[in-house]
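See structure below.
The values are calculated or read from the model by the stated rules, or taken from the named source; none is laboratory data. Small disclaimer: the values here were computed from a predicted structure and weren't measured. Cβ atoms come from the backbone with ideal geometry, glycine included; neighbour counts cover every protein chain shown.
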Amino acid sequence: MFNKKLINKMKTKVFLASIILLLSNRSMAAEAATFDYGDFDTLYLKVMGVIISILILIIVGLLYLTLNALRRINNPELVKADEERTTVEKLFSLHSLKDEKKLLLDESFDGIVELDNPTPPWFNFMFYTTIVFAILYGFWYHYSDNLGKLQTAEYEQQLADAEVAKTAYLKKVGNSIDESNVKLMTDAKDLTAGKELFTAKCAVCHREDGGGNVGPNLTDEYWLHGGQVSDVFKTIKYGVTGKGMIAWEKSLNGLQMAQLASYIKSIGGTNPPSPKAPQGTEVEEKSETAKTDSTTVAPDSLATALK
Amino acid sequence: MQTEKFQYDNRIVRNFAIATMVFGIVGMLVGLLVAIQLYEPAANLGNQYTSFGRIRPLHTNAIIFAFVGNAIFMGVYYSLQRLCKSRMYSDVLSNIHFWGWQLIIVAAAITLPLGLTTSKEYAELEWPIDIAITLIWVVFGWNMFGTIIKRRERHMYVAIWFYIATFVTVAVLHIVNSFELPISLFKSYSFYAGVQDALVQWWYGHNAVAFFLTTPYLGMMYYYLPKAVDRPVYSYKLSILHFWTLIFLYIWAGPHHLLYTSLPDWAQSLGVAFSIMLIAPSWGGMINGLLTLRGAWDKVRDQPVLKFFAVGITAYGMATFEGPMLSLKNVNAIAHFTDWIVAHVHVGALGWNGFMTFGILYWLIPRIYQTKLHSTKLANFHFWIGTLGILFYAVPMYWSGFTQGLMWKEFTEAGQLKYEFLDTTKQILSLHVFRSIGGTLYLTGTIVMVYNIVKTMTAGKLVANEDAEAPALESNYAPTGHASYWHKALERKPMTFMVLSIVVVLIGGAVEMLPTFLIKSNIQTITSVKPYTPLELHGRDLYIREGCVGCHSQMIRPFRSETERYGEYSKAGEYVYDHPFLWGSKRTGPDLMREGGKYPNSWHYNHMIDPRTMSPGSIMPAYPFLAEQSMNVSNIKDKINAMRTLGVPYEKGYEERALQDLQAQAKTISDNLASEKIKIESDRELIAIIAYLQRLGTDIKLTNSAAN
């Protein structure tokens, strides 16, 4: 009578566990079907990977519970031992506190005694899982041909993916100002944007008013690397390695650099107080259309050199 | 059976307890100061001796070796005597150990602010102090084994296993990592270079956490927890399993501190795999501790000692789960170099080491003073404010680490870095403020504890020599019953136990280090990489003296976000002349691997005098004193000779020309600055630092443009 009731309880458990199993499988399948892997960025995929691994672990756990419950249905004695324990004790595979006396070891160290409990099965399970993980990890990265990418390969993949994404984006927005097509901008909107950029990025070295500090004076008519808007654009873009001018192409886009170059041209002749002494060669302001044969700035930053 | 009478030495326990409390307060105060410096540069107090780079190591050393170190000795000296039913082997050795250790701490407190440092994390102390540490450690071991050997208890209890493992492993770690070539009384160069130095250092660093902050505390947990709660230890078998697996697996995990660096891939993968396998052995200790509390949680509610233990053990469990997670490459890619790691270690230090220490102090002091704790209320207050302190510390730091780690990696759609480094620094400043509030709460709790303990001490009277008695061990012993279990045989043989644990511990280190040292292909040489010039070498020594490595890495990882920001990723062959390596473990400031040639000399000059003129919002300390102090170049010859001994190919007789070269190079820099209207003598330290910074990472840039 008593046992029957219990068996019924067990059956409900098995049923519930199977339902959860089925549901989780279904939802996973559904999610997998809607994936368009190409569009997702890697972080999202990684997060999904973690979630799926957790789901798999849960499924394995539920399978274990199911099998265990089935075993108990066929073995009334196990059920009886179970009845005497609390839920928490069952969950953590612990002996009942009442049974503790049987487990006491006979030696005492300054009054401390030890119990002869076995290592909990879930602890062993956890340990074995991590060992399997470790072995798979080694296999994944070092003994398979295409599965795990080691850091250099991963890096190259990253660069390739970024290049594709960047090209696609630039094509979409049509923002491709570079030194070959940059034009002097005169709109107040562009010059204000240029001024803001100048204050944020350039002022520490060239001074707020462009009069020069660590970097040269940008308001006189002397230029070290050419004074045309395209020259200024180029100097901003590639920098002058060795002289301390940073290459800005990594943090500013074409439009921003054009705005900045135009703003710099617009402050020419403003004669700020105590400017830095002139450096470089004098450039005729009016020759805007006729390009001077000034020395070109060598794009010798390493990244460019490597391409 | 003859009962023998003897006395436990409580005075030595009391001495270590006082040292623990004093250095705990000192270490935490310095910690608070460095925490404030990270949002308020004025807190560097305008002088070189208290600038962040120099006193951050003072904080870590004070907490690890002074606070935790003394707490270990306190806990071991009390429990070992009782577990062995014997007084410590020798009172003389106990006293040499105590005073020797305090002298080492004082030496550290003097030399670190003076900038005398090897720069290797948690091993910053210079060679004479390293030797002193070795000697005192041997005294400790001698005293400990002497006590174990003359014990009146047949078997060694699990706590003693952990003490033995601690002793032998720390000895091995300390000696191997401290191989250095002295050039003067307070300056030496690491025996290893670059990748090898990094591997040895993090084998040491990781296992210092394991065998100085973890195993002795597990041993103490096994004694003080069952004593305080009066319950049997949950599982003897679990003790055996997690002890041996813990000490075996821990040693392998060091390379997880060097993921995505120039360390060979195979070594990195070993580090990850073994870190994951460490979860269960670490948790074995937590499980055995928490299950010992089973059936006594009502006591935990009433007794502050048990509250400290319960939170301490839980913090241990959290930190040892988080550690393996941080070892996964994709998590590490975000967390490494950020405040996340700082949060991680503080959960361990504040939660596990701090709270376990406090619990032991509250339990032990009333006992050796034969009185009651002065105030349980204050102890409860300490518990709650300490717990709040940990939360206020950890949560903002996790937040900050995550924020900065993601900001570093963010690109605009046009494929450009979204944030400059300085933007990410400014973003997390308010979180640093919260962190220092957390630290203040924790420190307040500690001060309250010291008051409480001192009141307890004055109310009672120290039982310096506590009477005890136990029967002597009989010589003809035949194990029966449970004592015939295989592991019990080991527990009767301390020397065999020690040798076995050394063997178990050495395997992992040997497998990872020997190939890195012996197989050439692991570190590919690059012909364009040349030794530093004498001026650059001198500048490098100043970079080490100022602790720049505490905030600036020299390791560009192969990520697009890093190569776009800093330049080509680092190659193993670039570091072959770096004795010691300076990869760093934290980026409070940007990476400097390819700083050379990025800015003009005048930028560096202005930036060092006052960083905020060139980088508004920067939190870097100012270094005006470098422009005032002249270089001490008297030992440049010794430096060149020492480097040559270590394998750096300076040509024969170069040491004679070194000074001349140094002065000539210094002159070009000061001339260059003069052309920018900056007047500075060519013999100033700042010139050498500029020379070093301008050299960084340029060797392979030259190759590439030449190849073009």
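Scanning the range B:39-98 for residues that are small (Gly, Ala, Ser) and within 14 Å of chain A (Cβ to nearest Cβ) yields a total of 3.
Looking across the range B:214-234, just one residue is more than 14 Å from chain A (Cβ to nearest Cβ) and either surrounded by fewer than 24 Cβ atoms within 10 Å (Cβ to Cβ) or of a type in the set (Phe, Trp, Tyr) (or both), and that is B:Tyr217. A Cβ distance below 7 Å, combined with a sequence gap of six or more or placement on separate chains, defines the contacts here; from the range B:385-399, residues that are more than 9 Å from B:Arg435 (Cα to Cα) reach no residue that is modelled with pLDDT under 95 and outside any helix (DSSP H, G or I).
Residues that are at pLDDT below 95, touching a Lys or Arg at 6+ places or on another chain (Cβ under 6 Å) and surrounded by fewer than 18 Cβ atoms within 10 Å (Cβ to Cβ): does the range B:593-616 have at least one? Within the range B:593-616, none of the residues are at pLDDT below 95, touching a Lys or Arg at 6+ places or on another chain (Cβ under 6 Å) and surrounded by fewer than 18 Cβ atoms within 10 Å (Cβ to Cβ). For residues that are within 10 Å of chain B (Cβ to nearest Cβ) and assigned to a helix (DSSP H, G or I), scanning just the range A:233-257, find the one that is surrounded by the most Cβ atoms within 10 Å (Cβ to Cβ). This residue is A:Gln256. A:Ile59 meets the stated requirement of being of a type in the set (Val, Ile, Thr), away from chain B (no Cβ under 11 Å) and assigned to a helix (DSSP H, G or I). The set of residues in the range B:405-422 that are more than 8 Å from every other protein chain (Cβ to nearest Cβ) and closer than 28 Å to A:Ala168 by Cα comprises B:Gly405, B:Leu406, B:Met407, B:Trp408, B:Lys409, B:Glu410, B:Lys418, B:Tyr419, B:Phe421.
Against the numbered list (1) part of a loop (DSSP other than H, G, I, E, B); (2) modelled with pLDDT of 90 or more, A:Tyr263 comes up short only at (1). For A:His206, the criteria (1) surrounded by 12 or more Cβ atoms within 10 Å (Cβ to Cβ); (2) in contact (Cβ under 8 Å) with a residue 24 or more places away in the chain hold in every case but one, which is (2). A single entry from B:Gly584, B:Gly550, B:Gly567 fulfils the requirement of being surrounded by 20 or more Cβ atoms within 10 Å (Cβ to Cβ), within 14 Å of another protein chain (Cβ to nearest Cβ) and not polar (S, T, N, Q): B:Gly567.
When each of B:Ile276, B:Ile247, B:Ile251 is tested for being hydrophobic (A, V, I, L, M, F, W, C), more than 20 Å from A:Phe109 (Cα to Cα), out of contact with any His (no Cβ under 8 Å at 6 or more places or on another chain) and at the interface with chain A (Cβ under 9 Å from one of its Cβ atoms), the lone residue that passes is B:Ile276. Count of the range A:129-162 residues, restricted to those that are farther than 24 Å from B:Thr261 by Cα and at the interface with chain B (Cβ under 9 Å from one of its Cβ atoms), is 3. Scanning the range B:280-322 for residues that are small (Gly, Ala, Ser) and out of contact with any His (no Cβ under 7 Å at 6 or more places or on another chain) returns B:Ala280, B:Ser282, B:Gly289, B:Gly295, B:Ala296, B:Ala310, B:Gly312, B:Ala315, B:Gly317.
Checked against the criterion of being buried (at least 21 other Cβ atoms within 10 Å of the Cβ), over 31 Å from the mean Cα position of the chain (by Cα), assigned to a helix (DSSP H, G or I) and within 14 Å of another protein chain (Cβ to nearest Cβ), the candidates B:Ile690, B:Ile669, B:Ile700 yield just one match: B:Ile669.
Select from the range B:178-205 the residues that are out of contact with any Ser or Thr (no Cβ under 9 Å at 6 or more places or on another chain) and crowded, with 24+ Cβ neighbours inside 10 Å and write down the one among them that is farthest from B:Asn632 (Cα to Cα). Across the range B:178-205, the extreme among qualifying residues is B:Trp203. Among the helices (runs of 4 or more DSSP H) confined to the range A:65-109, the ones with at least 3 residues that are within 14 Å of chain B (Cβ to nearest Cβ), over 49 Å from the mean Cα position of the chain (by Cα) and at pLDDT 80 or above are located at A:100-103. Here B:Thr456 does not fit the description of being in a helix (DSSP H, G or I), of a type outside the set (Gly, Ala, Ser), in the same structural domain as B:Ala343 (by TED's automatic domain parsing) and closer than 30 Å to B:Ala43 by Cβ. Picking from B:Ser528, B:Ser521, which residue would you name as being more than 25 Å from the chain's Cα centre (by Cα) and either within 14 Å of another protein chain (Cβ to nearest Cβ) or at pLDDT 95 or above (or both)? Result: B:Ser528 is the single residue among B:Ser528, B:Ser521 that is more than 25 Å from the chain's Cα centre (by Cα) and either within 14 Å of another protein chain (Cβ to nearest Cβ) or at pLDDT 95 or above (or both). For A:Asp300, the requirement of being at pLDDT below 80, in a loop (DSSP other than H, G, I, E, B) and within 14 Å of another protein chain (Cβ to nearest Cβ) is met. In this structure, does B:Ala414 turn out to be within 28 Å of B:Arg587 (Cα to Cα), of a type in the set (A, V, I, L, M, F, W, C), touching a Lys or Arg at 6+ places or on another chain (Cβ under 8 Å) and not in a helix (DSSP H, G or I)? Yes, satisfied.
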